[in-house]
1. What shape does region 44-179 have by the C-alpha gyration tensor, where a ≥ b ≥ c are the square roots of the eigenvalues, rounded means a/c under 1.5, and otherwise prolate means a/b greater than b/c and oblate the rest?
2. In the structure shown, do any of Lys76/Lys105; Lys92/Lys117; Lys92/Lys185; Lys63/Lys88 have a Cα-Cα gap over 18 Å, and if so which?
3. Mind checking region 110-186 for GluC sites (Glu not before Pro) that DSSP puts in a loop (not H, G, I, E or B) and that have at most 11 other Cβ atoms within 10 Å?
4. Looking at region 128-181, which trypsin sites (Lys or Arg not before Pro) are in a loop (DSSP not H, G, I, E or B) and have at most 16 other Cβ atoms within 10 Å?
5. Take the Cβ-Cβ distance between Lys171 and Met102 as r, set R0 to 35 Å, and report the resulting FRET efficiency rounded to the nearest 0.05.
6. Can you tell me the length gained on complete extension of the stretch Ala62 to Glu132, counting 0.36 nm per residue apart and subtracting the Cα distance?
7. Once the principal axes of the Cα atoms of region 58-124 are found, what is the range along each, listed largest first in whole angstroms?
8. For region 105-181, what value does the Rg/Rh ratio take when both radii are computed over Cα atoms and Rh is the Kirkwood radius, given to two decimals?
Amino acid sequence: MKTTTKLVHILMGATMLLALGAAAGAQETKAPKKAATPSAAKEPVAAKKTMDEVDEGETPIAKKDVPAPVIAAFAKAYPKATIKGYAKELEKGQTAYEVESMEGKIHRDVLFAPDGKLLIVEESIDMQDVPEAVRLALDSKFPKAKVQLAEKVTEGTSVAYEFKATTAEGKKVEVKFDAKGKELKP
């Protein structure tokens, strides 16, 4: 009988320990994990650009504020691009919507009319891909300048090249050339 009593006491003690452990575990609070939405990886909730990145006259907006024809036109033209943000701006006095994106190493800003008509495409470009006439014009205007940003800007059938650079004297400059190296207004 003594063995049976000891066994009962051991089982009761073990049961109590398990119950206490379960109760203590239940009191631990953990933040609930948010379910990832399929679009969350490719779509921001709202465009978040720093003040240095927001162009003058550009207002960051959420996807819900972008007209459906703009979203559809971008998706059709750039199906593999990852969207980084959206903005609303005035282009030549008309409301336009910008979609900022990345595709591989290419940073791309695409401007659309509210009806989804493509207006302007700005794509980052490596200096070796800039036409020689444009590179020579840049070097002539700003010898030994260090280029921070080179972009190919397509508006309709017109192609231009835009640069943000620092001159040899340390001055920050922006300059734009047509495909033949003629300077344009930025």
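Nothing in this text is a laboratory measurement; each read-out follows from the coordinates by a stated rule. No experiment lies behind these values; they were computed from the predicted model shown. We place every Cβ from the backbone using ideal geometry, glycine too, and count neighbours over all the protein chains shown.
1. Values: a/c = 2.07, a/b = 1.79, b/c = 1.16.
Judged from the Cα gyration tensor, region 44-179 comes out prolate (a/c at least 1.5, a/b above b/c).
2. Numbers: Lys76/Lys105 20 Å; Lys92/Lys117 15 Å; Lys92/Lys185 14 Å; Lys63/Lys88 11 Å.
Pairs exceeding the cut-off: Lys76/Lys105.
3. On the way: sites: Glu122, Glu123, Glu132, Glu151, Glu155, Glu162, Glu169, Glu174, Glu183; in loops: Glu169.
Passing sites in region 110-186 are Glu169.
4. Working: sites: Arg135, Lys141, Lys144, Lys146, Lys152, Lys164, Lys171, Lys172, Lys176, Lys180; in loops: Lys144, Lys171, Lys180.
For trypsin sites (Lys or Arg not before Pro) across region 128-181 that sit outside H, G, I, E and B with at most 16 neighbouring Cβ atoms in 10 Å, the list reads Lys144, Lys171, Lys180.
5. On the way: r = 30 Å, r/R0 = 0.84.
Between Lys171 and Met102 the formula returns 0.75.
6. Details: separation 70, 0.36 × 70 = 25.20 nm, distance 3.97 nm.
Answer, rounded to one decimal: 21.2 nm.
7. Principal extents (Cα only, largest first): 32, 21, 20 Å.
8. On the way: Rg = 13.4 Å, Rh = 13.1 Å.
Using Cα coordinates only, the ratio equals 1.02.
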